[in-house]
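Here, each number is a calculation from the coordinates, and none is a lab measurement. This structure is a prediction, so every number in the text was calculated from the model and none was measured. Cβ coordinates were reconstructed from backbone atoms using ideal geometry, including for glycine residues, and neighbour counts include every protein chain displayed.
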Amino acid sequence: DAAEKGGYDHYMLKEIHEQPQSLRQAIAGRIDDFEGRVDLDLSLPESFLREVDEIQLVACGTSYHACLFGKQLIESLADVRATVEYGSEYAVGSGRTPDRTLVVGVSQSGETADTLRGLRAARRSGVRTLGVTNTVDSTVARECDDAVYIQAGPEIGVAATKTFGSQVVTLALLAVAVADARDELDPEVAGDLLDGLQRLPGAVQGVLDDEETIRDVAEHYADGEAFFFVGRQFGSPVALEGALKLKEISYDHAEGFPAGELKHGPLALVTDETPVLALLTDGARPDETANNVREVQARGAPVIAFSSATRGEEDVAEQFSIPDLGLLEPLVANVYLQLFAYHLANSKGRSIDKPRNLAKSVTVE
Ligand code: G6P
């Protein structure tokens, strides 16, 4: 067991550290730098992708958060409407043309019953399906019309870590491929994104090299009454994912939401006992989020900020600097949030790899 953990105390920590490698694997052989193109080896006909007028992403848990990130990429790059639904809530709606809709099921395991149920409903109604999964020959891969693998390698820890980043990267590649098929590809935008994807593993390594600092911060705030995670745009799914990670393994009350929603309810819970983790990076509308940060500070909350290196010093309790990576910066900050959750839970002696009441893959509805 110890050997399988590669010297780490937990699979989760090992998998967090594997990310530079797993992120490289997600793009390996799929980007043509010269042409600024992506090849996902899709068998879905290009003519279908050209005509598609809605992409519905279906998933659960962490995969759902990856879809929220992917939706924004697809809409901004390919100029096609994209929606995200929980597998357990997915129902084929009216007013859609089956032959112009693509349903993308995103599942690390490829076996989540709720996601499979959504995909099966889509297939029954004649909609084409694409599976995005980590598991070769899984049910999702077999039942969908086409499959793309995220190539992250096995993930053992119940709390998904490395597969989140790989799912987002794969959906980013899909966004470029769909944009290309639809003749919507802006070479400059796509070029920046593809360049960012190639620099992502190095930026993540930088976070891993700074582990001790985030560990000290996690331990310092471990007694917080509740933890709030906020961000906008691409920072919003990362805020949700940061909160999910913390609640899964520490059992602390943690909530994530788009920063603009603070004032519509959660602000009532903010006190000097509730640390707020805020994404102030590129791609997360940092100036607007900084205004929300001041609102929580006025209620005494300590703020832990993850901000673009270019923003300089923020007036916050703790600050982590994220290297320049455009709209992918929240994905880099996410690795700090994973380490925050891990070290906070570990300081409380929690069962990190097998949290109570949770399973790696939930095969019941
Ligand atoms: C379970 C796991 C989560 C995971 C979710 C979806 O609830 O505990 O970590 O995000 O299932 O799993 P999937 O394999 O479909 O991505």
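Brief remarks follow.
- Ranked 182, 100, criterion: other C-beta atoms within 10 Å, fewest first: 100, 182
- In a fully extended conformation the segment linking residue 35 and residue 97 would gain 19.0 nm over its present Cα-Cα distance, using 0.36 nm per residue.
- The Rg/Rh ratio of the chain, with Rg taken over Cα atoms and Rh as the Kirkwood radius over Cα pairs, comes to 0.96.
- Calculated [222 nm] ellipticity per residue, helices only, for the chain: -14000 deg cm²/dmol; basis is -39500 (n - 2.57) per DSSP H run with n ≥ 4, divided by all residues, nearest 500.
- Net charge over other residues, Cβ less than 10 angstrom from the Cβ of residue 307 (K, R count +1; D, E count -1): -3
- Neighbour net charge for residue 234 - beta-carbon separation under 14 angstrom, K R +1, D E -1: -3
- A Cα-only calculation for the range 225-365 places Rg and Dmax at 14.9, 48 Å.
- Gyration tensor verdict on the range 23-141 (Cα atoms; rounded if a/c is under 1.5, prolate if a/b is larger than b/c, oblate otherwise): oblate
- Proximal charge balance of residue 76 [Cβ under 15 Å; K/R count +1, D/E count -1]: -3
- Shape category assigned to the range 20-90 from the gyration tensor of Cα positions, a/c cut at 1.5: oblate
- Long hydrophobic helices in the chain, taken as whole DSSP H segments with a C-alpha length of 15 Å or more on their own axis and mean Kyte-Doolittle hydropathy at least 1.0: 162-181.
- Kirkwood estimate for the range 123-257, i.e. one over the average of 1/r between Cα atoms, Å: 17.7 Å
- Shape call, the range 132-209: gyration tensor on alpha carbons, a/c limit 1.5: oblate
- Reach of residue 354 by Cα under 22 Å, taken over lysines that are not fewer than 8 positions away in the same chain: 5, 14, 162, 245, 247
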